[in-house]
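Heads up: the structure comes next, in structure tokens.
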Amino acid sequence: MSRDDQALQAAAEQIVRAQGDKALRPSIAGFFDEATNTVSYVVHDPATSEAAIIDSVLDYEAASGRTSNSSADLIIEYVNSHNLKVTWHIETHAHADHISAAPYLQEKLGGKLAIGKEIIRVQEVFGKLFNAGTDFERDGSQFDHLFVDGETFRLGEIEGIALHVPGHTPADMAFIIGDAAFVGDTIFMPDFGTARADFPGGDARQLFQSIRRLLSLPDETRLFLCHDYKAPGRDEYAWETTVEQQRTGNVHVKDGVTEDEFVEMRTSRDKTLAMPNLIMPSVQVNIRGGRLPDPEDNGVSYIKIPVNAV
């Protein structure tokens with residue numbers, strides 16, 4: 001780990017440990033979308049009611065191409081009923097399994113839309129795949145803010161820090177807010193393991209290093225996951241765990257698993273996995289900040305499906 005990395009890690013650890021006063025712990029509500037196995041979060045500072053919405057979901061029916069806002073409306077209802085002020089809409093990465101509802105929520109609730117700076121790499125790769133043309137900007141300008149590794153921010157009186165955790169995709173970020181870390185698709189519940197690393201720009205070795213970075217946080221750090229697929233033998237969905245639980249029990253990456261062992265396991269496992277059902281619409285929209293492609297001359301937006309290209 002370089003000196004810069006060590007400094008960032010120390011800053012992240014300090015933020016977690018500084019939340020010993022429970023008044024500084026964020027209040028967190030999870031919203032599970034079973035259709036995509038995705039968890040969205042509303043995180044707020046109890047003292048100021050400032051809130052962030054993380055990884056929201058737009059309902060999308062692939063067979064008909066219809067969208068709806070029922071999942072997002074549940075979030076709006078929660079925000080309004082708790083008198084929260086939304087200042088951030090945060091995406092941990094450009095999701096391949098669901099479409100973001102951030103533009104709809106931003107219109108209704110205000111706040112800035114943010115993602116990691118490396119989204120520009122994902123835009124470049126998928127802009128070519130979808131033949132998006134010169135009208136599609138590949139500079140992250142579809143977002144209000146691009147977080148960089150180690151950038152600090154505040155949610156009311158609670159301090160946060162953004163960490164770059166590539167491997168699943170080049171752009172994945174984890175957001176530590178107080179004593180809680182929102183880790184996107186890096187890791188799942190201990191009994192299910194870790195995220196795949198075979199998407200364009202993904203890298204199993206990077207993923208291992210990113211996960212170990214997260215698991216270097218204090219044992220008591222609360223980890224909030226973007227997905228749960230209910231491992232065999234478990235009856236209920238779950239999406240909250242701790243650093244300690246992951247270090248002692250994660251079936252893919254617990255303490256004692258070497259980097260080479262993880263890379264061999266992850267690479268072999270990924271070869272057996274089908275592409276996510278909604279990868280084509282999801283990535284195509286999410287690299288645009290959750291906005292559909294511009295309507296064509298008949299007023300209709302279209303999702304492209306590349307044939308024999310991936």
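Summary of computed values
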item	result
Filtered GluC sites (Glu not before Pro), the range 251-303: DSSP coil and at most 10 other beta carbons within 10 Å	Glu296
Computed lengthening from Lys128 to Asn69, 0.36 nm per intervening residue step minus Cα-Cα distance	18.3 nm
Beta bridges per DSSP with both ends in the range 86-164, % antiparallel, nearest 5	40 percent
Ranked list, fewest to most other Cβ atoms within 10 Å of each Cβ, for Ser141, Ser210, Ser81	Ser81, Ser141, Ser210
Gain on full stretching of the segment that runs from Ala62 to Val148 - 0.36 nm per residue minus C-alpha separation	27.6 nm
Trypsin sites (Lys or Arg not before Pro) within the range 235-281: DSSP coil, no more than 16 neighbouring Cβ in 10 Å	Lys254, Lys271
Three semi-axes of the equivalent ellipsoid, the range 158-248, Cα gyration tensor, whole Å, largest first	19, 18, 11
Glu157 paired with Val300, simple spin-label distance in nm, labels 7 Å along Cα-to-beta-carbon	5.5 nm
For the chain, alpha-carbon Rg over 2.2 N^0.38 Å	0.96
Dipole magnitude of the range 228-310 about its Cα centre (Cβ charges: Lys, Arg +1; Asp, Glu -1), debye to nearest 20	200 debye
Förster radius 41 Å - calculated FRET efficiency between Asp260 and Val310 (Cβ-Cβ, nearest 0.05)	0.90
Percent antiparallel among DSSP beta bridges (both partners in the chain, rounded to 5)	70 percent
Rel. contact order, % - alpha carbon contacts under 8 angstrom, at least six apart, the chain	18 percent
Net charge dipole size for the chain [Lys, Arg +1 and Asp, Glu -1 on Cβ; Debye, nearest 20]	220 debye
Virtual paramagnetic centre 7 Å along Cα→Cβ of Ala35, amide N under 14 Å, in the range 83-110	97-101
Fluctuation leader among Asp185, Asp203, Asp135 - the chain, Gaussian network, Cα springs under 10 angstrom	Asp135
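Quick note: the coordinates plus some simple rules give every number you see, no bench work behind them. Note that the structure is a prediction, hence the values are computed from the model and not measured. Don't worry about glycine lacking a Cβ; one is built from the backbone with ideal geometry, like all the others, and counts go over all protein chains shown.
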